[in-house]
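Encoded as structure tokens, the structure appears first; notes follow it.
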Amino acid sequence: MTMPFIDGAEKGLYESEAWAGLKLLRSERHLLLTPPTPLQGVSSAVYGGGMRKLHQIVNIYVDKHYRCDEPESDIRRLLQEWDISEQETAGLLTAVRLRYAAVAEERCNDYAVFCCATAGASNSARAGVQRTTFPAVWTPGRSTSCWWWTAG
């Protein structure tokens, strides 16, 4: 596992070592994953989820107080603002600072696996220990998203 953006720079590029041509671009407020060829994806993404062909996946930073009844509209507006195509794009929202994005990848003879995770522990708590926590209610756009891709 590596954390390619931990140095604090607000922009950067990570190129996969296991999947030739797969790129992860970090901008100030989003991560953009672009494969060398379109992918068939199945996901629970807030924007562009379901089973579909994908040219890119964007993970957008929102602060931990983000509350919105229309996360799809927020994502669409940001894609337009950043000049990222809305077509064949899946969009996620994360409250984890993008510098903490972690990448793990593996290659074998038959396939390559690439995983980019933004998962936080700043709201964790232990039973019996008092501390300030944020509500555990579901907030649109900050749920766990599951993905499965195949090239081609």
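No value in this document is a laboratory result; all are computed from the given coordinates. All figures in this text were calculated on a predicted structure; none of them were measured in a lab. Cβ atoms come from the backbone with ideal geometry, glycine included; neighbour counts cover every protein chain shown.
Divide the volume of the convex hull around the Cα atoms of the range 27-92 by the residue count and you get 85 Å³ per residue. Sorting Trp19, Trp82 by the number of Cβ atoms found within 10 Å of their own Cβ, with the fewest placed first, yields Trp82, Trp19. Can you give the % of DSSP beta bridges in the range 1-95 that are antiparallel, to the nearest 5? Close to 75 percent.
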